[in-house]
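Only one structure is covered here, and it is reproduced in the block below.
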Amino acid sequence: MANTKQARKRARQAVARNQHLSAQRSQYRTAIKAVRKLIVAGDKTGASEAFQHAQKVIDSMASKKVLHKNSAARHKSRLAAALKAMA
């Protein structure tokens with residue numbers, strides 16, 4: 001356990017930050033899973049709508065530094081390729 005006052009505060013902040021970032025990562029992963037699920041189901045219109053939502057979520061996470069920008073680009077690219085392959 002932290003011994004100094006500032007170390008105790010940093011520990012509290014780390015816990016709060018971890019909870020916040022975990023929630024954001026969960027939202028991002030859920031958006032990707034929704035697109036993948038609709039692609040597997042063969043619902044092209046639903047998948048394209050879910051993809052648009054996922055793009056917004058992915059870009060938001062990248063701008064907040066929850067996710068690296070190259071990782072965000074890779075995920076968007078792979079989802080777009082999977083969506084395009086449905087046609």
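Observations, loosely collected:
- Selection status of residue 44, open to solvent by 40 Å² or more (accessible area, probe 1.4 Å), in contact (Cβ under 8 Å) with a residue 12 or more places away in the chain and out of contact with any Ser or Thr (no Cβ under 9 Å at 6 or more places or on another chain): yes
- Within the stretch 5-22, restricting attention to residues that are within 22 Å of the chain's Cα centre (by Cα) and open to solvent by less than 60 Å² (accessible area, probe 1.4 Å), the residue that is nearest to residue 67 (Cα to Cα) is 21.
- Of all the listed residues (63, 77, 71), the sole one being open to solvent by 80 Å² or more (accessible area, probe 1.4 Å) and free of Cβ contacts under 8 Å to residues at least 40 places away in the same chain is 63.
The values are calculated or read from the model by the stated rules, or taken from the named source; none is laboratory data. Since we're looking at a predicted model, the values are computed, not measured. Here Cβ is always computed from backbone atoms with ideal geometry, including for glycine, and neighbour counts include all displayed protein chains. Areas reflect the complete protein model, heavy atoms only, side chains present, ligands, DNA and RNA absent. Shrake-Rupley method; radii C 1.70, N 1.55, O 1.52, S 1.80 Å.
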